[in-house]
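Note sheet for the following structure.
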């Protein structure tokens, strides 16, 4: 048994390919935990960033600078009364959030955080992703239907119509990116997520810059479609309060509602990961081919540690700026501990990077490499998350018919055009 | 303009000025003719307000007042007429669509009915209210107790 | 959603507040399609309840929909009716002055200006020049504040959350000036019959001038957020169109009328409070849609800044209160005086019987008359636009209901 476990370490394959179920399970649990933590962080960042956009402070009291706010929210939602409408279809009502959650989380099995840091590298990875994320629509429709009230039903139908229409444009944009993977010497492309990133590495260019502006436009279409897929602003008519219908999750309260929110944020992270993988080079650090010397590798491998140290420094500055009144003592101490935590994580990462570089400890080198891959991936995804929040703060909402018009009459023709042009240019160039 | 109308309507119309504001005191029978003429011939195309005043001691208790304004002439004029309690008066909705809610409010507050109004019901007070508050015989603290008790479930609104 | 069977149930019973349950008996729409009230074929009658998430006040709109299209609307108002006109008959002229602020509570200074000027006209006195300049400055500041509040809530209705915070933060500066001047931020009771009671505080001119330099770039900031934003354009262009002829026929005034192309502003047409001394423009629009109303109000804010700039440099010395007797007893007569409030033509029709209390005081509220135009503006639009149109008319229920 331990042999089975240990035999995987040192492999350059994903657990799925290596046939190692234990590590696959481990990776699944790590991803599940990681995404849940990421959703909590995202909740905090959204509230703080939105507040700062609106010249307010956001949560400041629950924990220093509101850092414990997500925990408070989670606790509150868990303790809330679980209201199920009497006329609702009980089983379906119960199962609807689970469907959404299932669809959102299953996508993570193919998302590559590194060349071997994925649960499984299916050779139809993209296809799998598209198919499974479409299941999310089912969750929404079922939730609206099960509530047995016509406002959630109208909201659910609107949401599902919106998601379905933008999936078409999304799919076509993805196809044009996949076509770019086949523009290599052998002329064979791939649907596997890890291979797509490797193709970007071999071709020496992130697909967003390839055949400029075609790659950029395809990326732009996907960026718009993914915001519509996840029902976020400016496409959030279905869940806006000032419109008449309050959306598919009207009748859900407490923990069930939080499952919907979890599914929404998880879907946001998943779909951003797809964008990062397909166009922004996935786990690749900037200029992996151009700046290829070991010195550059070492420099870029310091980034994770430096990032955490920078965050820790910001937390230290925050601690110093806390008012020195006795009421703030606990918050000061809390923020100081948090700063120390961030700083120590940063130091640890730096240590690993340095140790890995000194080539004596192969394990450290592997760790350091793995960490850099995950770090660059998460950094790019984090930028997308910030963009999601930025869109929400800045733009008004699209009306539903305008939304559908954009999806069908604007994005679809453009994505078709980009697809055809990419094919033509690809043939001409090769 | 005044001379023209005076010659046509004779004693039914009386034009005066107070503090620089012109107003016409007309007989009840001249409404809505005079209003129509003011709109069509004299270009008073904007009905600013319609209101009423209650003089309980007078024989014709109510004074209905139209305040009109003319965009081309940049001029305002008031048209007043006196009607008795219980009498009704023609609605001017066909002349100025603004009058719709304005007349509803006059009905709501005074109880003056407007003939020909498409939808004469109470606007500010609840539909089942009894009494017309702006009349002088309605007390300042008075409320329709019955309505309050049925609909709000409390003894009294005071 | 069901129609209650009891005959005595009225609109105000608790179950009818909010979405869902509604009493449509007696409603126009119910009479037009008797029995065929809900979820029948394509037509749907739904209720936008008295409580709104976007601070319009308690307005109830009953919509008749065909799918998403609006076929007809009916507004139910009166939730905020306080009987201000009846109260006026029981208070002296001076005592009634604070009540006037509570009608349009977002722009209280204008209400006070209209009332004080109406009574002054009745008494045949005129406020001294210094008082008039102070009045103009405060009224224009109040116009900017009202438009800023309008912009924030209107943008929030359409989905842009951020302008609300920006406009409220900038509005704070105006409210601070009001507070320093007369002690109150919102319901200011700033003017008295005959002039102003309070002398400008030390630093008033400096504050106002600082405000002018502070707010001009902020108005540009609001414009960068919205004016050329594609989503804003799509949500507001050709939404809620009202033609100039319709607007005049319906008695609509204020920015709504000006956006439809009628260049009419009471400050220029029938000047009051020395407005004829100031040089400013009247912005008009072309289409009469929501976007034009937005642009007209933005430009009005800038023109107000211009007026304040001219006024604050030229405040004359002199008394701030005219010669009015201690007890205000206007001679028998009646008068109608109106001003250009931020929302439209605000008029006061006062009938005096020679005593210290008005015999009849009628307030002609701009929001009341403008709200009638909602039905015309909203036909054929989608449900999501109804909220935008209500916002663009700029109503304050305190004024609609009095």
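Would you mind stating whether residue A:320 is surrounded by fewer than 16 Cβ atoms within 10 Å (Cβ to Cβ), more than 14 Å from every other protein chain (Cβ to nearest Cβ) and at pLDDT below 90?
yes
Residue check: is residue C:67 within 14 Å of chain B (Cβ to nearest Cβ) and over 26 Å from residue C:147 (Cα atoms)?
So residue C:67 fails the test.
Of the residues B:103, B:59, which is touching a residue at least 24 places away in the same chain (Cβ under 8 Å) and under 13 Å from the mean Cα position of the chain (by Cα)?
Residue meeting the stated conditions: B:103.
Condition check ((1) more than 14 Å from every other protein chain (Cβ to nearest Cβ); (2) in a helix (DSSP H, G or I); (3) under 25 Å from residue C:231 (Cβ atoms)) across all residues:
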position: A:345; (1), (2), (3): yes, yes, no
position: A:360; (1), (2), (3): yes, no, no
position: A:389; (1), (2), (3): no, yes, yes
position: A:416; (1), (2), (3): yes, yes, yes
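Determine whether residue C:307 is touching a residue at least 24 places away in the same chain (Cβ under 8 Å), touching a helix residue (DSSP H, G or I) at 6+ places or on another chain (Cβ under 6 Å), surrounded by 16 or more Cβ atoms within 10 Å (Cβ to Cβ) and within 14 Å of chain B (Cβ to nearest Cβ).
No: the conditions fail for residue C:307.
Scan region C:374-386 and give yes if some residue there is at pLDDT below 90, within 13 Å of chain B (Cβ to nearest Cβ), out of contact with any helix residue (DSSP H, G or I) (no Cβ under 7 Å at 6 or more places or on another chain) and more than 25 Å from residue B:56 (Cα to Cα), otherwise no.
Yes, some residue in region C:374-386 is at pLDDT below 90, within 13 Å of chain B (Cβ to nearest Cβ), out of contact with any helix residue (DSSP H, G or I) (no Cβ under 7 Å at 6 or more places or on another chain) and more than 25 Å from residue B:56 (Cα to Cα).
Residue check: is residue A:379 in contact with a helix residue (DSSP H, G or I) (Cβ under 8 Å, 6 or more places away or on another chain), at pLDDT 90 or above and not assigned by TED's automatic domain parsing to the domain that holds residue A:305?
no
Can you tell me which residue among A:155, A:131 is assigned to a helix (DSSP H, G or I), surrounded by 24 or more Cβ atoms within 10 Å (Cβ to Cβ) and over 16 Å from the mean Cα position of the chain (by Cα)?
A:155
Just checking, which of A:119, A:95, A:107 is under 30 Å from residue A:367 (Cα atoms), within 26 Å of the chain's Cα centre (by Cα) and outside any loop (DSSP other than H, G, I, E, B)?
Testing whether each residue is under 30 Å from residue A:367 (Cα atoms), within 26 Å of the chain's Cα centre (by Cα) and outside any loop (DSSP other than H, G, I, E, B) leaves just A:107.
When you scan region C:120-156, how many residues do you find that are buried (at least 22 other Cβ atoms within 10 Å of the Cβ), assigned to a helix (DSSP H, G or I) and either free of Cβ contacts under 8 Å to residues at least 40 places away in the same chain or in contact with a strand residue (DSSP E or B) (Cβ under 7 Å, 6 or more places away or on another chain) (or both)?
Adding up the residues that qualify gives 6.
For region C:196-273, which helices (runs of 4 or more DSSP H) that fit wholly inside it have 3 or more residues that are within 14 Å of chain B (Cβ to nearest Cβ)?
Ranges flagged: C:244-249, C:255-259, C:266-269.
Among the residues of region A:199-249 satisfying the criterion of being within 30 Å of residue C:64 (Cα to Cα) and out of contact with any helix residue (DSSP H, G or I) (no Cβ under 7 Å at 6 or more places or on another chain), which is modelled with the lowest pLDDT?
A:241
Scan region C:171-178 and tell me whether some residue there is farther than 23 Å from residue C:290 by Cα and part of a loop (DSSP other than H, G, I, E, B).
Taking every residue of region C:171-178 in turn, none turns out to be farther than 23 Å from residue C:290 by Cα and part of a loop (DSSP other than H, G, I, E, B).
How many residues does region A:94-119 hold that are in contact (Cβ under 8 Å) with a residue 60 or more places away in the chain and crowded, with 20+ Cβ neighbours inside 10 Å?
Qualifying residue count, region A:94-119: 18.
Within the set of pairs 6 or more residues apart or between chains, which connect a residue that is farther than 13 Å from residue A:285 by Cβ inside region A:354-375 to a residue that is surrounded by fewer than 16 Cβ atoms within 10 Å (Cβ to Cβ) with Cβ atoms less than 6 Å apart?
A:355/A:361; A:357/A:298
Which of the residues spanning region A:37-72 are closer than 13 Å to residue A:385 by Cα and within 14 Å of another protein chain (Cβ to nearest Cβ)?
Selection gives A:46, A:47, A:49, A:50.
Which numbered condition in (1) crowded, with 20+ Cβ neighbours inside 10 Å; (2) closer than 18 Å to residue B:147 by Cβ; (3) at pLDDT below 80 is the only one that residue C:6 fails?
If we test residue C:6 against (1) crowded, with 20+ Cβ neighbours inside 10 Å; (2) closer than 18 Å to residue B:147 by Cβ; (3) at pLDDT below 80, just (1) comes out false.
Given the conditions (1) under 15 Å from residue A:97 (Cα atoms); (2) surrounded by 20 or more Cβ atoms within 10 Å (Cβ to Cβ); (3) out of contact with any helix residue (DSSP H, G or I) (no Cβ under 6 Å at 6 or more places or on another chain), which single one is not true for residue A:145?
Unmet condition: (2).
Out of the residues in region B:132-144 that are surrounded by fewer than 14 Cβ atoms within 10 Å (Cβ to Cβ) and more than 9 Å from every other protein chain (Cβ to nearest Cβ), state the one that is modelled with the highest pLDDT. Give the derivation first.
Just the residues of region B:132-144 that are surrounded by fewer than 14 Cβ atoms within 10 Å (Cβ to Cβ), to begin with: B:137, B:139-142.
After this cut, where a residue has to be more than 9 Å from every other protein chain (Cβ to nearest Cβ) as well, the list is B:137, B:139, B:141-142.
Details: B:137: 87, B:139: 84, B:141: 84, B:142: 81.
So the residue we want is B:137.
So for region A:253-276 (the condition being within 21 Å of the chain's Cα centre (by Cα), more than 14 Å from chain C (Cβ to nearest Cβ) and assigned to a loop (DSSP other than H, G, I, E, B)), does at least one residue qualify?
Going through region A:253-276, the residues within 21 Å of the chain's Cα centre (by Cα) turn out to be A:257-276.
Next cut, more than 14 Å from chain C (Cβ to nearest Cβ) only: A:257-276.
Among the residues that remain, those that are also assigned to a loop (DSSP other than H, G, I, E, B) are: none.
Scanning region A:253-276 turns up no residue that is within 21 Å of the chain's Cα centre (by Cα), more than 14 Å from chain C (Cβ to nearest Cβ) and assigned to a loop (DSSP other than H, G, I, E, B).
The values are calculated or read from the model by the stated rules, or taken from the named source; none is laboratory data. This is a predicted model, so every value here is computed, not measured. In this analysis, Cβ positions are derived from the backbone assuming ideal geometry, glycine residues included, and neighbour counts consider all displayed protein chains.
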